[in-house]
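The values are calculated or read from the model by the stated rules, or taken from the named source; none is laboratory data. Quick caveat, the model's predicted, so the values are computed rather than measured. Note that each Cβ is placed from the backbone with ideal geometry, even for glycine, and that neighbours are counted across all protein chains shown.
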Amino acid sequence: MIKKLQEDDNAVSVSVGSILIFSISVIAFIMLMNSFFSMMDQTERTVTREEFETYGNDLAFQLTSVDTAITKTKFSGGNIEYLKYEFTIPDKVAGEYYSVNFSNESNEITFKSQNQVMVKIPYTIKSADLESNTIHSSSTNHYFLYNSSKNLIEVH
């Protein structure tokens, strides 16, 4: 007696079908969650980048204000003994600490977060040089200090 195996449904069980449907459902759910978390990470990076651009432009403006005060004082024949300009930056952006690098060589303020989001903001000053330095958002009391003997704006 010869049976055709292709048309024989005797060995098919309900549990095999249930396991297959469950496996396909789990794989589809994992793919959906993976795409959701990827989209959330991209949104977080975009928000971080935009916040850095806002704070960077504000810092560049404040640095230009210090430079303008120095220029006007020198132009009018005055002498600057002490000039300290305090500025504030938030402790965290998008829930993470970050660093701010002031570069005299490239004339850029570089923000860099822990998740490697980096934004560079250009600045222009004419009357003094800027000390190249890196500050961290977790520290407090940030300020620009003009050193008249070196004609240098120090960042603290």
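Restricting attention to segment 89-112, report how many residues are charged (D, E, K, R), in a strand (DSSP E or B) and closer than 22 Å to I70 by Cα. So the count comes out to 1. Taking into account only those residues within segment 88-102 that are surrounded by 16 or more Cβ atoms within 10 Å (Cβ to Cβ) and closer than 15 Å to L63 by Cβ, which is nearest to the chain's Cα centre (by Cα)? Per the stated criteria, the residue is V100. The numbered conditions (1) under 20 Å from S139 (Cα atoms); (2) touching a Gly at 6+ places or on another chain (Cβ under 9 Å) are all true for V117 except (2).
Among the residues of segment 113-138, write down those that are closer than 17 Å to Y85 by Cβ and outside any strand (DSSP E or B).
Taking segment 113-138 and keeping what is closer than 17 Å to Y85 by Cβ, we get 123-131, 133, 135.
Once the filter is applied, which keeps residues that are closer than 17 Å to Y85 by Cβ and outside any strand (DSSP E or B), segment 113-138 yields Y123, T124, I125, K126, S127, A128, E131.
Working carefully through the options V47, V66, V26, find the one that is under 29 Å from S103 (Cβ atoms), out of contact with any Ser or Thr (no Cβ under 8 Å at 6 or more places or on another chain), of a type in the set (A, V, I, L, M, F, W, C) and loosely packed, with under 15 Cβ neighbours inside 10 Å. Only one candidate qualifies: V47.
How about segment 1-33: which of its residues are of a type outside the set (A, V, I, L, M, F, W, C) and either modelled with pLDDT under 90 or touching a helix residue (DSSP H, G or I) at 6+ places or on another chain (Cβ under 7 Å) (or both)? Can you show your working first?
Keep residues of segment 1-33 that are of a type outside the set (A, V, I, L, M, F, W, C), which gives 3-4, 6-10, 13, 15, 17-18, 23, 25.
Within segment 1-33, K3, K4, Q6, E7, D8, D9, N10, S13, S15, G17, S18 meet the criteria.
Restricting segment 39-88 to residues that are among the aromatic types (F, W, Y) and in a strand (DSSP E or B), which is farthest from I121 (Cα to Cα)? Filtering first and then ranking leaves Y85.
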